[in-house]
Ligand code: NAP
């Protein structure tokens, strides 16, 4: 039997696109009141109207924005740490510091800020749940990906540390580590170069945002005593971060 979601509040960061938007939709369909956070408020507002949720501007790299956001969230049973991404691909020897700073600020410090700010509400809910979307890049490294893999490793370490630190409290922690998901991720990584972004998914059937959202929804609707700790999900065509079968 799954836990009832009626009357429970879920916060989804990065809900303006991709995995986050799909998760907001599916959690609302499961009965949660969803608070959607991201920087593009126009997109959030449209989706919030569709699913009966609340749209709030949020920049997780800005401490004041996080504080203002959290003040407007009356309750929090579920936090989905989804906002994040990659910028560029370069050897460590050629690393662009601004790209690394963006990735660390967003994936690592952003996750820290919002989780820290919402933790009192998650504990007070009596049955809180933190889901963090890391990546296969949180456990594997690949050439030219050092900025992203190091940030995702750190985000995973932060998340797994929380699981131990809150043991005995009424909060669950789930890490979801996806492989290739077709979203705006690669367009952001390659600064809007759509052709290069499309090449990432060439000749394979990638995951969709909905495939990952489905798994997040499964994890948060298990009975209260069931903690799905860590779940890796990849397309059938993907063996690892570096090995993909392309049909062309
Ligand atoms: P996406 O379509 O680019 O979505 C990223 C989301 O993060 C957007 O909603 C964006 O919203 C938000 N975001 C970025 N910076 C933010 C900030 N400073 N403050 C608040 N929100 C911010 O990519 P996605 O694939 O759905 O990515 C979601 C998560 O999955 C990321 O953590 C990513 O690292 C991870 N992931 C993706 C893949 C993949 O292959 N796609 C694989 C493994 C893991 P705004 O721009 O409106 O702020």
Check: Restricting the search to the range 203-225, which residues are farther than 16 Å from residue 132 by Cα, in contact (Cβ under 8 Å) with a residue 24 or more places away in the chain and in a loop (DSSP other than H, G, I, E, B)?
Finding: 203, 204, 205, 206, 208, 222, 223, 224
Check: Would the range 111-133 turn up any residue that is farther than 28 Å from residue 8 by Cα, within 13 Å of the ligand (Cβ to nearest atom) and crowded, with 21+ Cβ neighbours inside 10 Å?
Finding: no
Item checked: Test: residue in the range 132-142 that is modelled with pLDDT of 95 or more, in contact with a strand residue (DSSP E or B) (Cβ under 6 Å, 6 or more places away or on another chain) and within 20 Å of residue 33 (Cβ to Cβ) -> no
Next item on the list: Would you please name the residue that is farthest from residue 95 (Cα to Cα), looking only at residues in the range 146-169 that are outside any helix (DSSP H, G or I) and in contact (Cβ under 8 Å) with a residue 12 or more places away in the chain?
Entry: 169
Notebook entry, point to check: Looking at 63, 24, 86, which one is within 13 Å of the ligand (Cβ to nearest atom), farther than 30 Å from residue 225 by Cα and either surrounded by 22 or more Cβ atoms within 10 Å (Cβ to Cβ) or free of Cβ contacts under 8 Å to residues at least 12 places away in the same chain (or both)?
Noted result: 86
Note to self: Looking only at residues that are part of a loop (DSSP other than H, G, I, E, B) and at pLDDT 95 or above in the range 1-22, which one is farthest from residue 42 (Cα to Cα)?
What the structure shows: 8
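A quick yes/no check of all residues on (1) within 30 Å of residue 33 (Cα to Cα); (2) in contact with a helix residue (DSSP H, G or I) (Cβ under 9 Å, 6 or more places away or on another chain); (3) away from the ligand (no atom under 16 Å from the Cβ); (4) at pLDDT 95 or above:
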residue: 194; (1), (2), (3), (4): no, yes, no, yes
residue: 198; (1), (2), (3), (4): no, yes, no, yes
residue: 202; (1), (2), (3), (4): no, no, no, yes
residue: 242; (1), (2), (3), (4): no, no, no, yes
residue: 248; (1), (2), (3), (4): no, no, yes, no
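Can residue 159 be described as under 25 Å from residue 57 (Cβ atoms) and buried (at least 18 other Cβ atoms within 10 Å of the Cβ)?
Against the criterion (under 25 Å from residue 57 (Cβ atoms) and buried (at least 18 other Cβ atoms within 10 Å of the Cβ)), residue 159 qualifies.
Looking at residue 163, is it away from the ligand (no atom under 11 Å from the Cβ) and under 18 Å from the mean Cα position of the chain (by Cα)? Let's see the steps before the verdict.
Working: away from the ligand (no atom under 11 Å from the Cβ): yes; under 18 Å from the mean Cα position of the chain (by Cα): yes.
Spelling it out, residue 163 is indeed away from the ligand (no atom under 11 Å from the Cβ) and under 18 Å from the mean Cα position of the chain (by Cα).
The values are calculated or read from the model by the stated rules, or taken from the named source; none is laboratory data. Values in this document were obtained by computation on a predicted structure and should not be read as measured data. Here Cβ is always computed from backbone atoms with ideal geometry, including for glycine, and neighbour counts include all displayed protein chains.
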